[in-house]
1. Return P(r) of the chain (all Cα-Cα pairs; 10 Å bins starting at 0; whole %; ordered from short to long distances).
2. Normalised by the residues of the stretch 4-83, what does the relative contact order come to in percent, with Cα pairs under 8 Å and at least six apart?
3. Please list 3J(HN,Hα) in residue order for the stretch 197-213, calculated via the Karplus relation 6.51 cos²θ - 1.76 cosθ + 1.60 where θ = phi - 60°; whole Hz, with x for glycine and proline.
4. For the stretch 243-258, just list the computed ³J(HN,Hα) in residue order, Karplus coefficients 6.51, -1.76 and 1.60, θ = phi - 60°, integers in Hz, with x standing in for Gly and Pro.
5. Round to the nearest 10 and give me the degree value, 0 to 90, for the angle of helix 30-44's Cα axis relative to the longest principal axis of the chain.
6. Using +1 at the C-beta of Lys and Arg and -1 at the C-beta of Asp and Glu, which of Ala112, Leu131, Leu217 has the Cα lying farthest in the positive direction of the dipole of the chain?
7. Of Thr279, Gln36, Ile190, whose Cα points farthest to the positive end of the dipole of the chain (charges on the beta-carbon: +1 Lys, Arg; -1 Asp, Glu; origin at the Cα centre)?
8. Sequence gap at least 6, Cα distance under 8 Å: using those rules, report the relative contact order of the chain to the nearest whole percent.
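Values quoted throughout were computed directly from the atomic coordinates according to the rules given, and no laboratory measurement underlies them. No experiment lies behind these values; they were computed from the predicted model shown. Note that we place each Cβ from the backbone using ideal geometry, even for glycine, and neighbour counts take in every protein chain shown.
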Amino acid sequence: MTSLTELRAFHLVAEAGSFSQAARDNSVTQSTLSAQVRGLEQSAGVRLFERRARGVRLTVEGESLHAVTERMFEAEREAQNLLHAGIALAGGTLRVTGDGAILPARILSHLARDRPDLRFSLTVTNSSEVLEGLFEYRADVGITAHETKDSRLFTLPFARSALVAILPLGHPLSTRPDVALSDLVAERLILRERGSQTRAVFEANLAAAALEPAAVLEVGRQDAVREMIAQGFGLGIGAALEAGHDSRLIERPIRDAAILLTEYAVCLKERRRSPLVRTFFQATEREDWGRVGLT
């Protein structure tokens with residue numbers, strides 16, 4: 001017969017992504033968690049995890065069960081929060097992932113001021129891996145420019161951003177108030193790898209103008225893109241909302257890039273009612289995203 005203890009053990013491992021991490025996070029022994037999950041699997045007659053060299057991954061059956069335990073233990077947390085008049089909401093840990101650091105950092109800075117006991121982690125990757133992190137339960141909430149229609153996700157569009165050209169200081173184009181797409185395609189462009197939504201929107205603007213870049217150099221991370229531009233390897237593309245502060249670079253609007261970048265806050269639907277996730281979304285909506293923000 002399935003016990004609540006076994007379900008809790010399963011849920012802790014599913015949330016942490018490994019038996020060892022779940023044991024550390026919850027001050028229990030790994031052998032205890034392993035035995036409880038093994039008992040649950042034996043009584044149900046299914047495998048709930050695929051064991052790997054580094055951590056575990058939920059099976060199809062495990063994903064279905066995790067959707068249930070998420071609701072179950074979230075209801076338990078909400079009951080505790082209600083009984084303690086909100087005291088339990090003061091802290092907590094929130095795992096955030098984003099396809100850039102600037103926007104989630106802005107949200108977290110305001111959230112942390114309201115809730116000084118909040119603990120959080122921030123992982124920066126590309127747009128497609130943001131969603132993967134949510135599906136694999138490695139993150140609670142994501143910030144991405146990648147639009148998705150996946151029915152498993154709750155998505156909040158919160159801002160639109162124009163594209164800007166990123167130029168090394170002293171470049172001839174930097175003396176202009178703005179630049180055109182035709183100016184940029186004549187130069188070597190330093191772009192993120194495919195999977196970057198900024199690149200996808202830029203290429204959509206090029207396609208609309210029937211333009212192709214003369215040369216492209218792919219770089220894996222946005223900070224690497226900016227460094228390559230600063231070192232004179234070419235020009236780059238960014239989002240106006242994510243303007244950097246590198247004194248070696250200058251950013252200029254692209255006057256004929258009419259297709260904008262939309263930013264989304266996203267989470268699994270099953271976690272939408274989680275107090276921390278809900279508070280993160282509220283902080284996102286309260287933030288002033290400027291004249292290109294959504295209303």
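1. Final binned percentages: 6, 24, 28, 20, 13, 7, 1, 0.
2. Details: 67 pairs, mean separation 22.7, N = 80.
Worked out over the stretch 4-83, it gives 28 percent.
3. 6, 4, 5, 4, 5, 4, 5, 5, 5, 5, 4, 5, 9, 6, 10, 9, x
4. Result, rounded to whole Hz: 4, x, 10, 8, 5, 7, 10, 9, 10, 10, x, 9, 5, 10, 8, 7.
5. 80 degrees
6. Of the options given, the answer is Ala112.
7. Of the listed residues, the answer is Gln36.
8. 21 percent
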